[in-house]
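What follows is calculated from the coordinates using simple rules that are stated; it is not laboratory data. Not measured: the values here are computed from a predicted model. For neighbour counting, all protein chains shown are included, and Cβ atoms are generated from backbone atoms with ideal geometry for every residue, glycine included.
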Amino acid sequence: MGKIDVGKKILSANETYALKNSQFLTARGKRCFNIISSPGSGKTTILVRTITDLSAKVRIGVIEGDVQTDIDAERIRATNAPAIQINTEGACHLSAAQVNTALDKLPLDALDMVLIENVGNLVCPSAFELGEDGKIVVLSVAEGDDKPVKYPAIFARSKALLVNKMDLLAGSHVEFDLERVKVDARRLNKGIEIFPVSAKTGEGMQNWYDWLTNQVVSRR
């Protein structure tokens, strides 16, 4: 009896939906990025500040992935941006099929960009394409500077890295070697853009905004 590789079958089915999503978004001229990080890195705070500060330039819709609750989606909706909640009910990542359903619920004609906030996890989400233009990884300084070495896949596959909570370094509240992170990330991915930021204070956020805005302009 032949052996069935369940993992390959799941990935193959996911890739089919990912291609559909990519074609759907490209046909409508919309950029889409998949934001991935550990829990507590500040993904939602970054999204809220980005949506608020760029509201006059870039219209952003969000697909929000969580194991349970819609707490983060409500924070996004408070900015007046549309947010579609996906609860994975225990799964450690979003699937392309789930994103496909969510895209149908977003007012895409009124948007320039879709940002997907994936489930908090540096491992599982990196293996699943969702039809996005690229992945963006968020690392907070409180997590430590060894994460690119310990979780290389997501850093190798991401277009951009946001190093968040830089404000914590000013008071020496945590030990974190930013240069080590840059070197390790670029050893894995020479083209990765790195943005040291503080979503709390706004430090470095303009460079991130400029990059994000250029992504939209290049698609138009």
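Tell me, Glu117, Glu203 in order of fewest to most beta-carbon neighbours within 10 Å?
Starting with the residue having the fewest Cβ neighbours, the order is Glu203, Glu117.
Anything over 24 Å Cα to Cα? Flag those among Lys105/Lys135; Lys20/Lys190; Lys43/Lys135; Lys20/Lys159, in the order listed.
Table pairs above 24 Å Cα-Cα are Lys20/Lys190.
Report the extension gain between Ile71 and Cys124 in nm, rounded to one decimal, defined as 0.36 nm multiplied by the number of residues separating them, less their alpha carbon distance. Each step should come with its number before you reach the end.
Working: separation 53, 0.36 × 53 = 19.08 nm, distance 2.19 nm.
Gain on extension, Ile71 to Cys124, equals 16.9 nm.
Taking the Cα centre of region 6-219 as the origin, how large is its charge dipole in debye, to the nearest 20, when only Lys and Arg (+1) and Asp and Glu (-1) carry charge on their Cβ atoms? Display every interim value, and only then the final one.
Working: 26 positive and 26 negative charges, 123 e Å.
Once rounded to the nearest 20, the dipole reads 600 debye.
Give me the percent relative contact order of the chain, please, defined on Cα pairs under 8 angstrom at least 6 residues apart.
24 percent
Which of these, Gly29, Gly90, Gly120, has the largest mean-square fluctuation under a Gaussian network model of the chain (Cα springs below 10 Å)?
With Cα springs under 10 Å in the chain, the top fluctuation among Gly29, Gly90, Gly120 is at Gly90.
Sort by residue number and report every cysteine in the chain with no other cysteine beta carbon within a distance under 4.7 Å.
Flagged as lacking a Cys partner: Cys32.
Between Ser55 and Ala27, what is the FRET efficiency for a Förster distance of 22 Å, r being their Cβ-Cβ separation, to the nearest 0.05? Could you put the intermediate results ahead of the total?
Numbers: r = 25 Å, r/R0 = 1.16.
E between Ser55 and Ala27, to the nearest 0.05, is 0.30.
Take the alpha-carbon centre of region 63-141, take the same for region 143-202, and report the distance between them in whole Å.
Value for the Cα centre distance between the two parts: 21 Å.
If neighbour count is taken as other Cβ atoms inside 10 Å, put Phe24, Phe176 in order from fewest to most.
Phe24, Phe176
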